[in-house]
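These notes are about the structure you will find just below.
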Amino acid sequence: MTLSRPIALALCLCLATLTAGSIAAMPQPALAQSASDLEVSPAVDDEATTTTESADESAPEASSESEADPIEVSDAELDQVISALQRVQLIQIAYEEQVLSVVEAEGLTPNRFDEIVAMLRSPENSETTTVTDDEFDSFERAVDQISVLQDDARDQVQQAIEDEGLEVDRFEDIIAALNNDTSLQQRFEQRLGS
């Protein structure tokens, strides 16, 4: 399998949050066009948000020390990150398909699920959105199943990282450095292209 550059970079964006314990902040693939587009943002998959903290609450804060002093990353480590990202891409795709299946199996459309999430997040939305008891029961069952899927996907991602020979903390440090270090971004893009 060949990992396209935009997808790999988008996965970098999601992994800092995912490995920190929240799969909810995973953006859709192919959002980033280059390593310089990498910014950890609170983009969320609304289908998963109800069972996890937001990306802002669960993502580790970048210390000013790590921003001031670029970390040393070997070419071998960059290759390990790229290999892990290839595996994570497959995990992400499978997770998204499973979430969609769960929502639909509970008799909800993805849009209706999102409407219920929005209503629960913001009381002002409850004035314009009504939910039947059956819909809410389906929603709760879906959320319970999605929570299990999140735990499984998080474990798979952590295992994929470790199988490539990286500690999760080191992987997260490298992903964070890709946000701030243009020379590392260029090296990453070169390694990705080779």
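Observations
- Rg/Rg_ref, segment 115-194, where Rg_ref = 2.2 N^0.38 Å and atoms are Cα: 1.76
- Here the 3J(HN,Hα) profile of segment 108-124, calculated from phi with Karplus coefficients 6.51, -1.76 and 1.60 at θ = phi - 60°, is 10, 8, x, 5, 5, 4, 4, 4, 5, 4, 4, 5, 5, 6, 10, x, 5 Hz, Gly and Pro shown as x.
- Segment 85-134: C-alpha gyration tensor shape, a/c 1.5 cut-off, then a/b vs b/c: oblate
Any read-out appearing in this document is the output of simple, stated calculations on the displayed coordinates, not a laboratory observation. What you see is a predicted model; the values in this text were computed from it and never measured.
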